[in-house]
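Would you mind keeping the following structure in view while I ask a few things?
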Amino acid sequence: MKERPIEELARKLRLKIAPETLERAFLHSSYVNERGDPRGSNERLEFLGDAVIGLAVTNYLCKQYPDADEGRLTKAKSIAVSRPMLTEKAEGLGFSAYLRLGKGEEANNGRKRASNLGNAFEALVAVIFLERGFSYAAKFVVRYLKEDIERFLAEQSATGDYKSLLQEAAQRLFDCRPAYVVTEASGKEHRKKFTVKVAVAGHRGVGRGRSKKEAEQAAAKQLYLMLEEF
């Protein structure tokens, strides 16, 4: 495969960054070692990009899913920032054609190597962050990972996260969010039972459980199933 000019990628991704600077994200160590390129390989950028992607995804999840529990968000983040996911995005954007590889890496099918593609995606995010700041870099990250994040969370909801299902129903039907209130907490500290009421546009549900989360899920399930009959 013939190397393609970085200017082409800049236009495709709508990035107003100097081609020489943008190219740093695609410099494999084998290329740098052979050419003696003073810019260095993309390895340090990959390290920085990994952190930027993680923060961008975390920020997006916290803002878009304020009622989702930590465990659910952690799972969504881990999938979104995983190497297979980033490699998939790099492949879809045609990054293989822009990799700068040494002769040996080129001969060993380096353009299709998952690690090279995933590293390039992370390094590119780092370059965007350094040149345009976090907000711009975060928008870039979310643009390409948002659909997969939302699909994963929707699949999780379908398996029984009734708080998320209720939130989605409340926004769809009434353009509001559910309001939860703990109305009772009884029993000894290690054997407490909680009662929670949830309200959505005048409709109410009640749930009980051995923890607040369990009681909230029970209340959400009752009200969600009621709203679904509308």
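Taking the Cα centre of each part, how many Å lie between the stretch 61-133 and the stretch 15-56?
A separation of 13 Å, based on Cα centres.
What nm value, rounded to one decimal, do you get for the distance between ALA201 and PHE134 when each label is placed 7 Å out toward the C-beta?
The modelled label-to-label distance comes out at 3.7 nm.
With r defined as the distance between the Cβ atoms of THR21 and CYS176 and R0 fixed at 41 Å, what FRET efficiency is calculated, to the nearest 0.05?
0.35
Separate question: For the chain, find the longest principal axis of its Cα atoms and tell me its angle to the long axis of helix 70-80, 0 to 90°, nearest 10.
Once rounded, one gets 30 degrees.
Taking a cut-off of 30 Å between Cα atoms, list the lysines near LYS139, but don't count ones fewer than 8 places away on the same chain.
Cα-Cα hits under 30 Å: LYS12, LYS16, LYS63, LYS75, LYS77, LYS89, LYS112, LYS163.
Right, here's the next one. Which listed residue (ALA219, PRO84, GLY104) has the Cα farthest towards the positive end of the charge dipole for the chain, taking +1 on Lys and Arg C-beta and -1 on Asp and Glu C-beta about the Cα centre?
The Cα lying farthest towards the positive end belongs to ALA219.
Can you tell me the 0 to 90 degree angle between the C-alpha axis of helix 212-227 and the longest principal axis of the chain, rounded to 10?
Once rounded, the angle reads 80 degrees.
Let me have the 222 nm mean residue ellipticity of the chain computed from DSSP H runs of 4+ only, each contributing -39500 (n - 2.57), with the sum over all residues rounded to the nearest 500.
-19000 deg cm²/dmol
Can you compute 3J(HN,Hα) from phi for each residue in the stretch 165-182, using the Karplus curve 6.51 cos²θ - 1.76 cosθ + 1.60 with θ = phi - 60°, rounded to whole Hz and x for Gly and Pro?
4, 5, 4, 5, 5, 5, 5, 6, 8, 10, 6, 8, 10, x, 10, 9, 9, 7
Every number here is computed from the coordinates shown, using simple stated rules; none is lab data. This structure is a prediction, so every number in the text was calculated from the model and none was measured. Positions of Cβ are backbone-derived with ideal geometry, glycine not excepted, and every protein chain shown enters the neighbour counts.
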